[in-house]
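What follows is a set of notes on a single structure, which appears directly below.
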Amino acid sequence: MSFLDAEVWRGRLYSGSWEGGAGGTREVREPATGATLGTVGLADAADVDAAVERAVAAQREWAARPHTERAAILFEAARLLTAQTDEISEWLVREAGSVRLKAGIEIAGSAGECTQAAAHASAPYGELLPASGRVSIERRVPVGVVGVISPFNFPLLLSMRSVAPALALGNAVIVKPDPRTAVSGGVVIARVFEEAGVPAGVLQVLPGETEAGAALVEHPRVPVISFTGSTRAGRAIGAKAGEMLKRAHLELGGNSALIVCADADLEAAASCGAFGSFLHQGQICMATGRHLVHRSLYDRYVELLGKKAEQLPVGDPYTGDVALGPIIDAAQLARIQDLVDRSVAAGARLVQGGTADGPFFRPTVLADCHAGIPAYDEEVFGPVACVRPFDTPDEAVALAAESEYGLSLGVLTADPAAGLALADRIPAGLVHINDQTVNDDPGAPFGGVGASGIGRVGGARANIDAFTETQWVTVRAEPARYPF
């Protein structure tokens, strides 16, 4: 039997065991061909309620286990991800439309999240405070149950980024993956931790539609929600969380800028720009959406970026050696086409691409962009690079900062100190000097500002802040006595 044998999970949810869901079932589709790859169970609100009750019951014992046991399970999860790379990669390629390079990056990153999180279990979790006549302690305690709602684009990694540290710190976790990638973003995680030895009820995986997600967000016994997805959905989740006085860590959209300074290496800049815009068909929150290029390099940069777009092979990543695979579904494909068509009509110059062949959208370069060009103003979530010239550093700062988003920023320059000084003037959660905007590391905090979200997940400090509460404890040798 294979690690992801469909006989185990077909039509089922994972609640510590594999069971049918009250929400029915959904076919898993391959976006490149439309073929059916399997069938997963779907959760409804009643399933979520039952899962929360199981999680609450299991969490206290899990948190009380020696930290070495929790760490060992996280290390074993990392080992399993690495050992099962070939099978997991096939699902990422077929279900999520990932090219093999991206699938490998995602699996390695997910294993890294588990390894990094394993260290959290043994991190110092308190300190003594000055006090007279008693011991005064500030300590961190698990929040209890964490709800994780994850997207389709990096389904395994963007689930694991929250699942692993939340478990390591003694919480129970309920994951609702995007139903379009319920295997690579849900079943894989369930199987990994089932084999690694997580006790029943501590981790549950409930694919579902909007009803299941809303039930998780609104449940009074789920005090923390970690959501990755669109800004529109994130605003609604943030509003509900605020109403209920619960925490929501929201990793949302982006329209990230890459600034190419006058002294930049032009060949390297075009390579960075192409990777930042076209990896995983541009379906990445921190993709390079806006290329801001010094006018002295502008024409040559547009030419080089267009040539790279022209040469990148596009097709089915399961059957061919391609650089770009399919767009996730027909609705997203139509949105990308509409944005490109309206951008050209608004005055953008189509340098390369701009058309789809079935579910595959050609890598596209739009030059002479400015405010008012739809693909320049909005998050495309597709393989579209918008290029605009600037004349002075002050203008580059103003252009980069004018977006409502503030996720990632790249600055390419021969003078890193000047690049960092430039970046210091632009609101962004992530800054990369002499690199493109798509970067991730398990040891680093991740998140944006503005419409790109609130909160941070990743790295020891951010994860401990995200998935624990601060508690003040005092201890006296005998009961205190008061004047009444």
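The values are calculated or read from the model by the stated rules, or taken from the named source; none is laboratory data. These numbers come from a predicted model, not from an experiment. Because the Cβ atoms are built from the backbone with ideal geometry, glycine has one as well, and the counts that use them run over all protein chains shown. With ligands, DNA and RNA removed, areas are computed over all heavy atoms of the protein, side chains included. Shrake-Rupley method; radii C 1.70, N 1.55, O 1.52, S 1.80 Å.
Given R₀ = 56 Å, FRET efficiency for Ala330-Arg139 by Cβ-Cβ distance, to 0.05? The partial results should precede the final answer.
Working: r = 51 Å, r/R0 = 0.91.
For R0 = 56 Å, the calculated efficiency reads 0.65.
Express the C-alpha Rg of segment 83-125 as a ratio against the empirical globular expectation 2.2 N^0.38 Å, rounded to two decimals. Intermediate values should be presented prior to the final figure.
Working: Rg = 13.4 Å, N = 43, 2.2 N^0.38 = 9.2 Å.
My calculation over the Cα atoms of segment 83-125 gives 1.46.
Tally up the carbon and sulfur contribution to the accessible surface of the chain as a whole percent, 1.4 Å probe, everything protein left in place. Intermediate results must be reported in sequence, preceding the final value.
Working: 10110 of 19020 Å².
Carbon and sulfur: 53 percent of the exposed surface of the chain.
May I ask you to evaluate 6.51 cos²θ - 1.76 cosθ + 1.60, the Karplus curve with θ = phi - 60°, for each residue of segment 221-234 and list the ³J(HN,Hα) values in order in whole Hz, giving x for glycine and proline?
Values, residue by residue: 9, 10, x, 9, 10, 10, 10, 10, x, 6, 5, 4, 5, x Hz.
Skipping prolines and chain starts, which residues have an amide H placed within reach, meaning under 5 Å, of the one on Ala264, given they are 5 or more residues away or on another chain?
Ala414
Among bridges DSSP assigns within the chain, what percent are antiparallel (round to 5)? Write out the running numbers ahead of the final one.
Working: 31 of 71 bridges.
Close to 45 percent.
Multiply the residue separation of Ala345 and Glu211 by 0.36 nm, subtract the distance between their alpha-carbon atoms, and state the gained length in nm to one decimal.
On the way: separation 134, 0.36 × 134 = 48.24 nm, distance 3.86 nm.
Between Ala345 and Glu211, full extension yields an extra 44.4 nm.
List the lysines whose Cα sits under 20 Å from the Cα of Lys246, skipping any in the same chain fewer than 8 residues away.
Lys176
Compute the FRET efficiency between Glu310 and Leu101 as 1/(1 + (r/R0)^6), taking r as their Cβ-Cβ distance and R0 = 25 Å, and round to the nearest 0.05. Let's see the in-between values first.
Numbers: r = 19 Å, r/R0 = 0.77.
E(calc), rounded to 0.05, equals 0.80.
Just subtract the alpha-carbon distance of Ala200 and Met1 from 0.36 nm times their residue separation and send over the number in nm, one decimal. Don't jump to the answer; show the numbers that get you there.
Values: separation 199, 0.36 × 199 = 71.64 nm, distance 2.21 nm.
Once the chain is fully extended between Ala200 and Met1, it gains 69.4 nm.
Over all alpha-carbon pairs of segment 232-342, lay out the pair-distance distribution in 10 Å bins, whole %, shortest bin first.
Histogramming segment 232-342 at 10 Å steps yields 12, 32, 30, 18, 7, 1 percent.
Whole-Hz Karplus ³J(HN,Hα) for segment 469-478, in order, using 6.51 cos²θ - 1.76 cosθ + 1.60 and θ = phi - 60°, x for Gly and Pro?
Running phi through 6.51 cos²θ - 1.76 cosθ + 1.60 with θ = phi - 60° gives 10, 8, 10, 9, 10, 10, 9, 10, 5, 8 Hz.
Provide the gained length on full extension for the span Asp321 to Glu61, in nm with one decimal, where the gain is 0.36 nm per separating residue minus the Cα-Cα distance.
On the way: separation 260, 0.36 × 260 = 93.60 nm, distance 4.80 nm.
That pair, Asp321 and Glu61, stretches by 88.8 nm at full extension.
Can you tell me the relative contact order of the chain? Whole percent, Cα pairs under 8 Å, sequence separation 6 or more. Walk me through the numbers before you get to the answer.
Values: 1147 pairs, mean separation 83.0, N = 484.
Relative contact order comes out at 17 percent.
Helix 266-278 versus the longest principal axis of the chain: what is the Cα-based angle in degrees, 0 to 90, to the nearest 10?
60 degrees
Note down, for the chain, the three equivalent ellipsoid semi-axes (square root of 5 times each alpha carbon gyration tensor eigenvalue), biggest first, whole angstrom.
Numbers: eigenvalues 318, 164, 71 Å².
One finds semi-axes of 40, 29, 19 Å for the chain.
Looking only at segment 109-125, which residues have a backbone nitrogen under 19 Å from a spot 7 Å from the Cα of Thr470 in the C-beta direction?
Within reach of a label on Thr470, which here means backbone N under 19 Å from a point 7 Å along Cα→Cβ, segment 109-125 contributes 123-125.
So for the chain, taking the charge dipole from beta-carbon charges (+1 Lys/Arg, -1 Asp/Glu), which of Trp18, Gly253, Phe390 sits furthest toward the positive end?
Trp18
With a 1.4 Å probe and every protein chain left in place, work out the accessible area per residue of segment 1-157 in Å², rounded to a whole number.
Values: 6750 Å² over 157 residues.
That works out to 43 Å² per residue.
Dipole of the chain, Cα-centred, from +1 at each Lys and Arg C-beta and -1 at each Asp and Glu C-beta, to the nearest 20 debye? Could you put the intermediate results ahead of the total?
Values: 40 positive and 57 negative charges, 246 e Å.
Once rounded to the nearest 20, the dipole reads 1180 debye.
In degrees from 0 to 90, rounded to the nearest 10, what is the angle of the helix 155-168 Cα long axis to the longest principal axis of the chain?
Taking the Cα atoms of the chain, the angle to 155-168 is about 30 degrees.
Cα convex hull of segment 116-225: mean projected area in nm², to one decimal? Let's see the in-between values first.
Working: hull surface 33.8 nm².
So the Cα hull casts an average projection of 8.5 nm².
Three principal axis extents, largest first, for the C-alpha atoms of segment 278-384, in Å?
42, 26, 23
Between helix 85-96 and the chain, what is the angle of the helix's C-alpha long axis to the longest principal axis, kept within 0 to 90° and rounded to the nearest 10?
Helix 85-96 sits roughly 60 degrees off the main axis of the chain.
Using a basic spin-label model with each label point 7 Å from the Cα along Cα→Cβ, how many nm lie between Arg425 and Asp299?
Placing both labels 7 Å along Cα→Cβ, they lie 2.8 nm apart.
By average Cβ neighbour count within 10 Å, what is the ranking of 168-180, 371-383 from highest down?
On the way: 168-180: 26.1, 371-383: 21.5.
Ranking, from highest mean packing down: 168-180, 371-383.
Restricting attention to the chain, give the cysteines that have no other cysteine Cβ less than 4.7 angstrom from their Cβ.
Within the chain, the cysteines lacking a partner Cβ under 4.7 Å are Cys114, Cys261, Cys272, Cys285.
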